[in-house]
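What follows is one structure encoded as structure tokens, with my remarks underneath.
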Amino acid sequence: PRNWLLLSDVLKRLKMSARTFRATFTHIEVVTIAEAEFYKQASLSQLFSCPEELEGFMPDSKELLDLVEISAELVALLG
């Protein structure tokens with residue numbers, strides 16, 4: 001298992017655009033996943049315990065979400 005954050009949440013915290021993030025942190029991989037797949041994986045996770053956290057996501061959506069894997073560097077950037 002690996003832990004991921006929504007890129008949109010990371011960008012809000014860092015107060016930067018996706019373009020700037022990708023240009024500055026070229027070594028941090030950004031993965032794209034369908035919102036429906038994200039919803040499915042999160043809801044089936046053994047660590048998932050709060051259904052309210054998924055209220056903003058649509059289980060049948062075809063929209064794409066960008067994710068970044070949590071790393072020591074990302075944790076340091078986010079504080």
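The values are calculated or read from the model by the stated rules, or taken from the named source; none is laboratory data. Because the structure is a prediction, the values reported are computed rather than measured. Cβ placement follows ideal geometry from the backbone for every residue including glycine, while neighbour counts extend to all protein chains displayed. We work out accessible area using only protein heavy atoms, side chains counted, and drop any ligands, DNA or RNA first. Shrake-Rupley method; radii C 1.70, N 1.55, O 1.52, S 1.80 Å.
What does the charge count around T24 come to, taking other residues whose C-beta lies under 15 Å from its C-beta (Lys +1, Arg +1, Asp -1, Glu -1)? With Lys, Arg at +1 and Asp, Glu at -1, the neighbours total +2.
Exposed loop sites are taken as GluC sites (Glu not before Pro) in a DSSP loop (any state but H, G, I, E or B) with at most 10 other beta carbon atoms within 10 Å; the longest stretch of the chain without one runs 1-28. Accessible surface for the chain, divided over its residues, is 75 Å² per residue with a 1.4 Å probe. Using bins of 5 Å that start at zero, the share of Cα-Cα pairs per bin across the chain amounts to 3, 14, 24, 24, 18, 13, 4, 0, in whole %. Surface composition of the chain: carbon and sulfur atoms hold 54% of the protein heavy-atom accessible area at a 1.4 Å probe.
The phi-based Karplus calculation (6.51 cos²θ - 1.76 cosθ + 1.60; θ = phi - 60°) puts the 3J(HN,Hα) values of segment 61-74 at 6, 9, 4, 9, 10, 9, 10, 10, 6, 5, 9, 4, 5, 5 Hz, whole numbers, x for Gly and Pro.
Over all other residues within a Cβ to Cβ distance under 14 Å of L78, the charged ones net out to 0, with Lys and Arg as +1 and Asp and Glu as -1.
Accessible surface of L6, taken over heavy atoms with a 1.4 Å probe and every protein chain present, rounds to 30 Å².
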